[in-house]
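J.: First the structure, then my questions, so here it is.
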Amino acid sequence: MPAPVVDVHTHVVPKGWPDLAALCGGSGWPWLRIDSERAAMIMVGETEFRPVSTQCWDPATRMADMDADGVDVQVVSPTPVFFGYDRPAGQAAKVARIFNDLTLEVTAGGGDRLVPFCQVPLQDPDAACAELDRCLANGHAGVEIGNHVGDRDLDDAGVVEFLTHCAQVGAPVFVHPWDMPGGPRLDRWMARWLTGMPAETHLSVLALILGGVLDRVPSSLRLCFAHGGGSFPFWLGRADNAWHRRGDLVRGRSQHPPSHYVGRFFVDSVVFDPAALRLLVDTMGEDQVMVGSDYPYPLGERPAGRVVREAGFLTGEQRAKLLSGNALRFLGRDPLPAAAVLEEVSGERA
């Protein structure tokens, strides 16, 4: 049996959805302006948010790109603009249900190659757990969450309750930054994406650790941070130094320094440069890094997995883990024996 190459970080946008204000209440919901048969624009009110194309909603287009990139399986997650965390929980629960069902329709066209992840109303832990359970029963394989809910970070009691439930039901969790701060200094050069996203992810990894979450949730929790864990891997030494030297302010509820916890969560490989990937693997460990591309958005990696395939410092066994084995563990699937994985990814596709 060949080893599947897995991309754990891709997104979906359905080609249209019902009037969210009419069905969910409130106003200012995202809507889709259809510009042509192959192109559309996500609108928020009258503001253009992001251009999208058939890559977002057409399984045939998506799988053709996967074939071109040598990817067998994509984890398909929501686009964070639809989370609705800033709205009443009832509205967010309704919109989550709508988009989760639409995601299943999109991914059904890809068979086993497209693995759907759902979204939940994270501002309400009970509603979030209920929607996750519904989605798992209907065919979703896991959940994507934003890295914060307003001023509530991953160590918030309600978020920890949800993460604990994910561990109990065996649902992998993909954490994606969203709702970055703006302002004149960040509204140029896509700086919110170039600096804000790494900083947001770094902050939430620290909240997970220093907030004592990893000391409280079951060790079975499978958690992955997008975009290589943001700036956290580069500054892990600084965090450890602060934990030891300013423990009165830094330690929070954590029982150990930050480096103690790096084996408890995964990160994806969207770092674009072999030197950055080397730092990521050296810091996080070869068992905790997985291919991710951020497909189909323009700041993502194409072809998916390029930096992993081209990184000369990786051994064949390490490359096999990053391309396949680690993602299978994250998804809760039994990885192939190491020799079989190595043989497959070291062949023509690798």
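What follows draws every value from the coordinates through simple rules; no lab data is involved. Bear in mind that the values here come from a model prediction, so they are computed numbers and not experimental data. Note that we place each Cβ from the backbone using ideal geometry, even for glycine, and neighbour counts take in every protein chain shown.
J.: Name the cysteines of the chain that stand alone by the Cβ rule: no other cysteine Cβ under 4.7 angstrom.
T.: Those would be Cys24, Cys56, Cys129, Cys166, Cys224, since no other cysteine Cβ in the chain comes under 4.7 Å of theirs.
J.: Then there's this: Can you put Leu322, Leu32 in order, fewest other beta carbons within 10 Å first?
T.: By the 10 Å Cβ count, ascending: Leu32, Leu322.
J.: Same structure, new question: Kirkwood Rh over Cα pairs of region 93-221 into Stokes-Einstein at 10 °C, 1.306 mPa s: D in µm²/s?
T.: 101
J.: Kirkwood hydrodynamic radius, computed over distinct alpha-carbon pairs, for region 30-153: how many Å, to one decimal?
T.: Final number for the Kirkwood radius of region 30-153 is 15.4 Å.
J.: I would also like to ask the following. Report relative contact order for region 72-219 in percent, whole number only (criteria: Cα-Cα under 8 Å, sequence separation at least 6).
T.: Over region 72-219, the number comes to 21 percent.
J.: Note down the net charge around Pro257, summing +1 for each Lys or Arg and -1 for each Asp or Glu among other residues with Cβ under 9 Å from its Cβ.
T.: 0
J.: Now, a different point. What is the gain in length, in nm to one decimal, between Trp193 and Glu310 on full extension, counting 0.36 nm per residue of separation less the C-alpha to C-alpha distance?
T.: Extra length available between Trp193 and Glu310 comes to 39.6 nm.
J.: With each run of n ≥ 4 DSSP H residues scored as -39500 (n - 2.57), what mean residue ellipticity at 222 nm is computed for the chain after dividing by its residue count and rounding to the nearest 500 deg cm²/dmol?
T.: The helix contribution divided over the chain gives -10500 deg cm²/dmol.
J.: By how many nm would the segment from Tyr297 to Gln255 lengthen if fully extended, with 0.36 nm per residue of separation less the alpha-carbon distance?
T.: The span from Tyr297 to Gln255 would gain 11.2 nm if fully extended.
J.: Let me ask something else. Among Pro198, Ala89, Ala21, whose Cα sits farthest toward the positive end of the charge dipole of the chain (+1 at Cβ of Lys/Arg, -1 at Cβ of Asp/Glu, about the Cα centre)?
T.: Going by the charge dipole, the pick is Pro198.
J.: Continuing with this model, one more query. Where the centroid of each part is defined by its Cα atoms, how far is region 256-275 from region 139-197 in Å?
T.: 16
J.: Still on this structure: Once you have the Kirkwood Rh of region 191-299 from its Cα pairs, apply Stokes-Einstein at 4 °C and 1.567 mPa s and quote D in µm²/s.
T.: The Stokes-Einstein estimate is 90 µm²/s.
J.: If one computes P(r) from the Cα atoms of the chain, what percent of pairs lie at distances over 37 Å?
T.: 14
J.: Extending each Cα 7 Å along its Cβ direction at Ala60 and Asp112, get the distance between those two points in nm, one decimal.
T.: Each label point is offset 7 Å from its Cα along the Cβ direction, giving 2.4 nm.
J.: Over its Cα atoms, what ratio of radius of gyration to 2.2 N^0.38 Å does region 148-235 give?
T.: My calculation over the Cα atoms of region 148-235 gives 1.15.
J.: Separation of region 217-236 and region 280-310 by C-alpha centroid, Å?
T.: Spelled out, the Cα-based centre of one part sits 14 Å from the other.
J.: Note the full-extension length gain between Asn241 and Met180 as 0.36 nm times their separation in residues minus their Cα-Cα distance, in nm to one decimal.
T.: 19.2 nm
J.: Which net charge results for the neighbourhood of Glu301, defined as the other residues with beta-carbon distances under 10 angstrom from its beta-carbon, given Lys and Arg at +1 and Asp and Glu at -1?
T.: -2
J.: Bins of 10 Å, beginning at zero and ending with the bin holding the largest distance: percent of Cα pairs per bin for region 122-177, please.
T.: Spelled out bin by bin, region 122-177 gives 24, 61, 14, 0 percent.
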